[in-house]
Amino acid sequence: MDMIGKIRRLHGREKMSVREIARKTGLSRNTVSRWLMGPVSEPQYRRGPQPKKLDAYAEVVVTALKADAHRPRRERRTARALFAEIRQAGYAGGYTQLKEFVRQWRLAEGKDAGSRAYVPLLFALGE
């Protein structure tokens, strides 16, 4: 609604033509004139979530990441190693998708996966 209000303000108060408004906003002249004509709301693009090529292999990657979370840092598999593994299993997607998936998983769950233990203090504070 912000853009419609801006277009109507430019046309009504500042007396700009449709062409000038189109040039200034980057919209087409048809869109500007349609929005000036009557009660129109801005288009709402409803694009549903699209299945990714990695979705079929996400479970395999997550189990590998969980297993690696308990290993020392030097022994963990890198995203490249995981990519090679799932590539042999038939993954046809790109490395960047896998890298982003691994990064998101590590931010969300990976930090806590290996260290979910609470060790209470055996002494009072200040001692």
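Between Leu121 and Leu107, what is the spin-label point distance in nm, taking each point 7 Å from the Cα along the Cα→C-beta axis?
3.3 nm
If I model a spin label as a point 7 Å beyond the Cα along the Cα-Cβ vector, how far apart are those points for Arg71 and Glu20 in nm?
With each label point 7 Å from Cα toward Cβ, the separation is 6.7 nm.
Run the reach check for Lys24 against lysines, Cα to Cα strictly under 16 Å, same-chain hits fewer than 8 apart removed. What comes back?
Within reach: Lys6, Lys15.
Taking amide H positions as placed 1.01 Å from N in the peptide plane, with prolines and chain starts having none, which residues 5 or more places from Met16, or on another chain, fall under 5 Å of its amide H?
Distant-sequence amide H within range of Met16: His11.
What lysines does Lys66 reach when the alpha-carbon gap must be under 25 Å and sequence neighbours fewer than 8 apart in one chain are set aside?
Lys52, Lys53, Lys99, Lys111
When the C-alpha atoms of region 53-113 are aligned to their principal axes, what extent does each axis show, in angstrom, from largest down?
Taking the Cα atoms of region 53-113, the three principal extents are 30, 21, 17 Å.
Just so you know, all these numbers are worked out from the coordinates, no wet-lab data involved. For clarity, every value in this text was computed on a predicted model and none was experimentally measured. Here the Cβ is made from the backbone with ideal geometry for all residues, glycine too, and neighbour counts use every protein chain on show.
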